[in-house]
Structure formats: C-alpha cells, structure tokens
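Input: a single structure, listed below in structure tokens.
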Amino acid sequence: RLERAAVTGLQLTHVRAMTSDRRATLWVSDEIEGLVSVTGGRAERVQLETSDSPGRPSLVAVDSRDRLWVAFADGTLRMIQHGIVRRFGRAEGLHHASIFTVHDSGDGRVWVGGDQGLSHFVNGRFETLSGSNLPIEQVLQIASDNGGSLWLGLPLVGFVRVNPDEVTRALNDASYRLRYAVYTSSDGIAGAPDRFAGNGVATDGDGRLWFVTGRGITIFDPRSLKQDRNVDA
C-alpha cells in the first residue's frame, strides 16, 4: 500500500518529477519549493541561481556519471556535478523552447528530447537533429534497448527505433538521410505519446520497453522485432 513519505524540513505538496543519485539523495522538482534535495528524510531547497531565475524545474534526471540534469520551462538545462552548476541554452547548442525528456543511453551519452528534435550532448555542448530528419519535430520520450538502439516517442506518429551511430552520422553530415524504423497504430501500439503522459518510459528485467501513451501502455520486446525494417528520412 502507498503511504505518505515522512519528510522533514519542507512540505512537498506539488511534486512534478523526481530522481535519485548514487548517494541515495532524492532530487525533487516541486511546483512550490522548486528544486529540492532529500537526504536522510530531510528536504532542503537547492538554490541554483542568484539572479535571472528560470522558474521552477520541469524535469530532473541523473545520468550514469551521477550528474544531475535539471530542465526548465524556458528550454534551458542546468547540469550539476560535484556542486558545480553549468547552464545550457542556445549559446551551448540547445535550441528547444520546451524540453520533454533527458536520457542517458548507458554508454555515457546524454540525449535530450524537445520541441526542436533530438539533441546529443558531446564535447561539452549540444548538437540537435532537427525535425527534417524525423517524422515530426517533437521528441517526447527516449529509451535505449539492450541492443544499443534508441527509441523515440513522437506525438501523432508513434515510436521510432534508430541506431545512435545513424544520429551521429546525420549530425556530422547535413546531406545524410537518416535511416530508422517507425511503429504506428497499424503495428498495434496503444496510441502515440502525448505531452500529458510525461516521460513515461521504463525498461524491465527482461529488456522490454514500456511506454505510456495517450491511450494506455505500449510494450516493446526488441528481441522479437525484425532488425532490417528501416526507412529513410
């Protein structure tokens, strides 16, 4: 059964997102309190900026290097590592007006899905694969399977499976036509993802991918799918 967590210090009543790091610190985005860390049952507000505040965080995520990523409604990101805060926006190659998801593919690569496509963090800045390379610009969900493929949840369309090396090649060569597989309602998915479903992605112990969509849950078992079903962008 569900029980209310015994947290002291702050009253967290409007939680939007949460994640945890290797030190068992819980990072919470609260509509009222902003970014909050919870350690040993005590909640403390985290002050990221002294001026020009972007508002309350819309998303928090911890990557495989234990870096905390915090997204804001203005399309900017903050990355916190060893107490040092770095800001990422247009000047750092991040051109989204809205960020929907931050994903670590498990190999040290960080991906961001937003309203301008798929962004990849490389060499200290972001590069973005625009909507011209995908069926639709918005990327709401990102997951990785055990075979190394990226899965993108797209509104109005469904899901795209793509090799990360394909994305890298397309980022390095503007003339390259990205190859990917698309799964739509004709393949039996429970509707396309929508913004109200949130990040809504999980991987179970058998390697299956679970996606929340606007009409239910879609489960993919990548091992049972044909690997040669590719189309060009």
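At-a-glance table
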| quantity | calculated |
| --- | --- |
| Stretch gain in nm, segment Ser64-Val122, where the contour uses 0.36 nm per residue and the Cα spacing is subtracted | 19.4 nm |
| Semi-axis lengths (Å, descending) of the ellipsoid that matches the C-alpha gyration tensor of segment 139-182 | 18, 13, 8 |
| If the convex hull is drawn through the Cα atoms of segment 32-98, its volume per residue in Å³ | 108 |
| Packing-based order for 136-147, 184-195, using average beta carbon neighbours within 10 Å, highest first | 136-147, 184-195 |
| Range of Cα positions in the chain per principal axis (Å), largest first | 54, 46, 28 |
| Förster radius 35 Å - calculated FRET efficiency between Glu92 and Ala5, Cβ distance, rounded to 0.05 | 0.50 |
| Size of electric dipole in the chain: Cβ of Lys, Arg +1 and of Asp, Glu -1, about Cα centre, debye, nearest 20 | 240 |
| Neighbour cut-off at most 13 other Cβ (10 Å), DSSP loop, trypsin sites (Lys or Arg not before Pro), segment 7-51 | Arg22, Arg23 |
| In segment 1-51, the GluC sites (Glu not before Pro) that fall in loop regions by DSSP, at most 16 other Cβ within 10 Å | Glu3, Glu31, Glu49 |
| For segment 1-136, radius of gyration divided by Kirkwood radius, i.e. Rg to Rh on alpha-carbons | 0.99 |
| Computed lengthening from Arg56 to Val15, 0.36 nm per intervening residue step minus Cα-Cα distance | 13.7 nm |
| Given charges at beta-carbon only (K, R positive; D, E negative), |dipole| of segment 70-175 in Debye | 300 |
| Distance in nm between pseudo-label sites at Arg195 and Ala174 (7 Å out along the Cβ direction from Cα) | 2.9 |
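Coordinate-derived values only; no laboratory data. No experiment lies behind these values; they were computed from the predicted model shown. In this analysis, Cβ positions are derived from the backbone assuming ideal geometry, glycine residues included, and neighbour counts consider all displayed protein chains.
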